[in-house]
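First comes the structure, then the notes that go with it.
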Amino acid sequence: GELDGLCADMSAKLHAQDAALAKLHAQVSGLKEELAQAEGEAREAKDQVSKRGEEIERLKKASAVLQKDLEEAERQVDEMTLRVEAQKSNEVRAGHLEELTKDLKAQVQKLREEHAGALSAL
């Protein structure tokens with residue numbers, strides 16, 4: 001009887017240990033799945049960061065090109081401004097020359113009249 005009791009006791013303990021072991025296996029299995037999922041998410045995040053990095057590089061390059069275009073446009077505007085200034089200066093000079101020419105013509109006309117007057121007085 002006592003031996004049967006011990007056997008039953010041991011059998012119950014073994015069943016309990018088997019159940020506990022099965023439970024541990026299930027937990028380990030669950031943890032492995034969580035780990036695999038976390039690793040997958042980490043890889044995905046890394047890919048996203050990598051893609052963002054590539055996008056940032058692309059934007060930096062585009063920005064550099066735009067910066068060069070802007071500098072070129074500014075240079076052209078400066079050039080045109082200088083041309084316009086030179087043109088204005090030439091127009092002002094032309095105006096002065098026109099005035100001088102009128103004055104000279106008037107003086108020549110006056111001298112002709114004086115000369116004609118002097119001739120007729122002779």
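The values are calculated or read from the model by the stated rules, or taken from the named source; none is laboratory data. The structure displayed is predicted, hence computed values, not measured ones. In this analysis, Cβ positions are derived from the backbone assuming ideal geometry, glycine residues included, and neighbour counts consider all displayed protein chains. Accessible surface areas use protein heavy atoms only, side chains included; no ligands, DNA or RNA. Shrake-Rupley method; radii C 1.70, N 1.55, O 1.52, S 1.80 Å.
General remarks:
- Cα-based convex hull volume of the chain per residue, rounded to whole Å³: 65
- J(HN,Hα) series, the stretch 69-79, from Karplus relation 6.51 cos²θ - 1.76 cosθ + 1.60, nearest Hz, glycine and proline x: 4, 5, 4, 5, 4, 4, 4, 5, 5, 4, 4
- Each principal axis of the stretch 21-78 carries a Cα extent, and these read 83, 8, 5 Å when sorted largest first.
- Whole-angstrom gap from the stretch 4-63 to the stretch 70-110, using each part's C-alpha centre: 83
- Dipole magnitude of the stretch 1-86 about its Cα centre (Cβ charges: Lys, Arg +1; Asp, Glu -1), debye to nearest 20: 120
- Average accessible area per residue (Å²) across the chain - probe 1.4 Å, nucleic acids and ligands excluded: 93
- Per-atom-type breakdown for the chain gives carbon and sulfur 60% of the accessible area (1.4 Å probe, protein chains only).
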